[in-house]
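These notes concern the structure reproduced below.
The values are calculated or read from the model by the stated rules, or taken from the named source; none is laboratory data. A quick note: this is a predicted structure, and the numbers were derived from the prediction, not measured. Note: ideal-geometry Cβ built from the backbone for every residue, glycine included; neighbour counts use all protein chains shown. Surface accessibility is based on the protein's heavy atoms, side chains included, excluding ligands, DNA and RNA. Shrake-Rupley method; radii C 1.70, N 1.55, O 1.52, S 1.80 Å.
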Amino acid sequence: MNDTNFSEIINYLQRDTHREFLTVWIISLTIVIVFAVIFYSNNSTSLKQGTSIFNQSNNISQNFSKNYFLYLESICFLIFVGVYIYLIFNKAEFAYYDNSQFTFFSLQGRFYNMPISPELGIFWPLWLQEYNIISIFSKIPLAYYSFSIFQLLVTILLCLSILPQIKLSHKIILATLILTIPSFVVPFFGIIYPERNIIFWLAIFIFCLEKLEKHKSLIYLCGIFIATQFLLYYKEPIFLLIVGFAGSRLIITAFNDQLWYKVQERIFGFVKNNWLDLGLIILSLVFIYLYISNTYGKVGISYAVRIARDSRLSTFIDYLKANPI
């Protein structure tokens, strides 16, 4: 790291908006994890109980030994992934008209500011921030696209793990379908789309959730909180997904446990046993606070006003053309 990069990092962290956001972001995540450690400190389940992503390796090897078609399908899938990666790397450049974030900032040795635009109601603080780190080490397009490849490979492995417990051949078919839908292709072939990070962290979220339910390990609980903290700050509507998921689970649990009877006696046990959902809601509430405090009363022309002339029918037709599925 040279002096220019070091000074740019200092300037980046000294900006009021960045400093305030990072402080709240780190403190809120730390508090939720600390309480998770406290509640799980007396848990007899060992943190080393976690299993490999391919927890059915024995079954997989047996399938390979008995089914030569599975060999062929696996080889075809690997070739498909290889071609997929090649196409992402092919003609990797910053010429796309929306890549000005790189040509005006990263390539000139400047960090891209957190995308917080109150006048537009935009609050995506983590969008493109990973490229600030990458630019410290390299500024060639291949370095930037390599991060997308890393996320792609991790997502594929997690998808093969979290898909329903079905035959490996069927998992490969489902994974291939997932990789080919437009809502997956576009974010991974372009480096400016925050949806790629959402897919990546959502895969980690689901993987950790599945493992937590099986092994009750603290490491997976912390993984869920970390994934959630990243998810919330790439696109605003994500908090609806998190609150809806955690809130519905809490309501169902409260009814099943009849929490309204002897509330004082049961409340601590309820909090301890449901800290996953309560922690997700706390992180979401912190996001809502930050979003409102940064945008309330400051929004000018919104995207909705710009395209208000489009009818619902024309919007529906456009979606059909882009992604019939």
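Could you compute the FRET efficiency for residue 267 and residue 98, with r as their C-beta to C-beta distance and R0 at 56 Å, rounded to 0.05?
Values: r = 50 Å, r/R0 = 0.89.
After rounding to 0.05, the efficiency reads 0.65.
Calculate one ³J(HN,Hα) per residue across segment 67-73 by plugging θ = phi - 60° into the Karplus curve 6.51 cos²θ - 1.76 cosθ + 1.60, and present them in order as whole Hz with x for glycine and proline.
In residue order, the calculated couplings are 10, 6, 5, 5, 4, 5, 5 Hz.
Work out from phi, with θ = phi - 60° and the Karplus expression 6.51 cos²θ - 1.76 cosθ + 1.60, the ³J(HN,Hα) of each residue of segment 241-253, listed in order in whole Hz, and give x for Gly and Pro.
For segment 241-253, the Karplus curve yields 5, 5, 5, x, 5, 5, x, 5, 5, 5, 5, 4, 5 Hz.
Note down the magnitude of the dipole of the chain about its Cα centre, charges +1 on Lys and Arg C-beta and -1 on Asp and Glu C-beta and zero elsewhere, to the nearest 20 debye. Write down the numbers at each step before the final one.
Values: 23 positive and 18 negative charges, 120 e Å.
Computed charge dipole of the chain: roughly 580 debye.
Cα atoms only, the chain: Rg and Dmax in Å?
Rg and Dmax of the chain, Cα atoms, are 22.5, 65 Å.
Expected output is a single nm value to one decimal: the length gained when fully extending between residue 67 and residue 20, i.e. 0.36 nm times separation in residues minus the C-alpha distance. What is it?
Contour length minus Cα-Cα distance gives 11.2 nm.
Report the calculated FRET efficiency for residue 255 and residue 206 (r = Cβ-Cβ distance, R0 = 25 Å), to the nearest 0.05. Provide the component values of the computation, followed by the final result.
On the way: r = 25 Å, r/R0 = 1.00.
In this case the efficiency is close to 0.50.
Normalised by the residues of the chain, what does the relative contact order come to in percent, with Cα pairs under 8 Å and at least six apart?
On the way: 275 pairs, mean separation 77.7, N = 325.
Contact order relative to length: 24 percent.
Give the calculated FRET efficiency between residue 6 and residue 108 to the nearest 0.05, with a Förster radius of 22 Å applied to their Cβ-Cβ distance.
Values: r = 16 Å, r/R0 = 0.75.
Approximately 0.85, to the nearest 0.05.
Residue by residue, what Karplus-based ³J(HN,Hα) values in Hz, rounded to whole numbers, does segment 158-169 have, using 6.51, -1.76 and 1.60 with θ = phi - 60° and x for Gly and Pro?
Karplus-based 3J(HN,Hα) across segment 158-169 equals 5, 4, 5, 7, 8, 5, x, 6, 10, 4, 4, 4 Hz.
Out of residues 5 or more away from residue 122 or on other chains, whose amide H comes under 5 Å of its own, with H placed 1.01 Å from N in the peptide plane?
Correct list: 117.
Can you give the accessible area per residue of segment 80-194, in Å², using a 1.4 Å probe?
On the way: 5220 Å² over 115 residues.
Per-residue value: 45 Å².
Between residue 133 and residue 311, with labels modelled 7 Å along Cα→Cβ, what's the label distance in nm to one decimal, could you check?
Reported label-point gap for residue 133 and residue 311 is 4.8 nm.
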